[in-house]
1. Quick check: the angle from helix 113-126's long axis to the longest principal axis of the chain, C-alpha only, nearest 10 degrees?
2. What percent do you get for the relative contact order of the range 157-217 when only Cα pairs under 8 Å and 6+ apart count?
3. Read phi for every residue in the range 26-41 and hand back ³J(HN,Hα) as whole Hz from Karplus 6.51 cos²θ - 1.76 cosθ + 1.60, θ = phi - 60°, with x for Gly and Pro.
4. Determine the relative contact order of the range 6-241: mean sequence separation of Cα pairs under 8 Å and six or more apart, normalised by residue count, in whole percent.
5. As an exercise, take the mean of 1/r over every pair of distinct alpha carbons in the range 122-251, invert it, and state the Kirkwood radius in angstroms.
6. Mind jotting down the distance between the C-alpha centroids of the range 206-230 and the range 1-80, whole Å?
7. On the principal axes of its Cα set, how long, how wide and how thick is the range 6-241? Give whole Å, largest value first.
8. For the range 76-111, run through the chymotrypsin sites (Phe, Trp or Tyr not before Pro) and keep only the ones in DSSP coil with at most 12 other Cβ atoms within 10 Å of their Cβ.
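We did not get these values from a lab; they are worked out from the coordinates using the rules stated. The structure presented is a predicted model; accordingly, all values stated were derived computationally and were not measured. Please note: Cβ atoms are built from the backbone with ideal geometry, for glycine as well, and neighbour counts cover all protein chains shown.
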Amino acid sequence: MSHHIVAADRLSFSYPDGTRALREASFSIHHGESVAVIGANGAGKSTLLLHLNGCLAPTEGAVRVGDFPLTRETLPEVRRTVGMIFQDPDDQLFMPTVADDVAFGPFNLGFPPAEVSQRVEAALRAVDALHLRGKPPHRLSGGEKRRVAIATVMAMTPDILVLDEPTTGLDPFARRQLIELLTRFSHTKIIATHDLELVMALCRRVIVLHEGSIAADGPTGEVFADTALLERCRLEQPPSLRPCALCGGRR
């Protein structure tokens with residue numbers, strides 16, 4: 001089995017207050033795929049992503065990353081394979097400088113200082129943020145923070161990138177830069193988002209969550225063409241697929 005595979009088997013999760021966020025979700029994602037996880041607010045998208053590198057543990061069911069069932073014992077190896085980029089970059093940026101933040105993960109993996117320096121430079125160069133290395137993270141713009149947050153994960157050289165709402169709070173220029181950046185990465189990508197135009201640009205497959213269950217899993221074009229499914233799941237087609245309000249034709 002390829003170590004790039006991510007699989008969930010009847011994954012269910014309930015929060016301590018009794019809220020059931022996931023209901024028997026099953027799927028497999030293979031090497032090189034870019035998969036979007038979409039759904040209305042409260043559908044379970046972020047909860048699902050937090051299971052993929054062990055931030056949450058299933059109430060029922062299981063998660064597997066390649067040859068490793070996700071358990072307390074396999075967690076360190078899984079987190080080397082699956083890099084998680086949170087919705088709020090400030091959750092990942094807490095060191096005095098950008099370079100310190102990017103170096104934090106490799107240092108904790110035990111790499112020698114020379115290799116850590118190489119990883120920091122390579123990761124920042126990959127996201128076009130090498131010029132930010134000496135800056136304090138709180139002085140960065142939203143787009144810069146997003147790129148540096150990605151660099152903190154890239155420095156760990158994961159095989160799989162998991163991103164939660166990566167375009168939230170970005171202006172159009174920063175959003176376009178982020179999409180171009182993610183297009184260049186050959187990693188397996190799993191992206192939870194409300195930005196359906198981003199899905200059109202990056203993902204050939206879509207998993208639709210509705211009230212914690214998988215309502216659909218298929219090619220992006222087919223899913224977005226199913227208006228009945230989208231309406232049932234409180235979603236709409238991406239603007240680029242909707243008829244023009246003036247002429248009735250496709251945009």
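1. Helix 113-126 and the main axis of the chain meet at about 40 degrees.
2. 34
3. Calculated HN-Hα couplings, in order: 10, 6, 9, 10, 10, 3, x, 6, 10, 10, 9, 10, 10, x, 5, 3 Hz.
4. Computed over the range 6-241, the figure is 27 percent.
5. Averaging 1/r across every pair of different Cα atoms and inverting gives 16.5 Å.
6. The range 1-80 and the range 206-230 have Cα centres spaced 18 Å from each other.
7. Ordered largest first, the range 6-241 gives principal extents of 53, 43, 34 Å.
8. Of the chymotrypsin sites (Phe, Trp or Tyr not before Pro), the ones in loops of the range 76-111 whose Cβ has at most 12 other Cβ atoms within 10 Å are PHE94.
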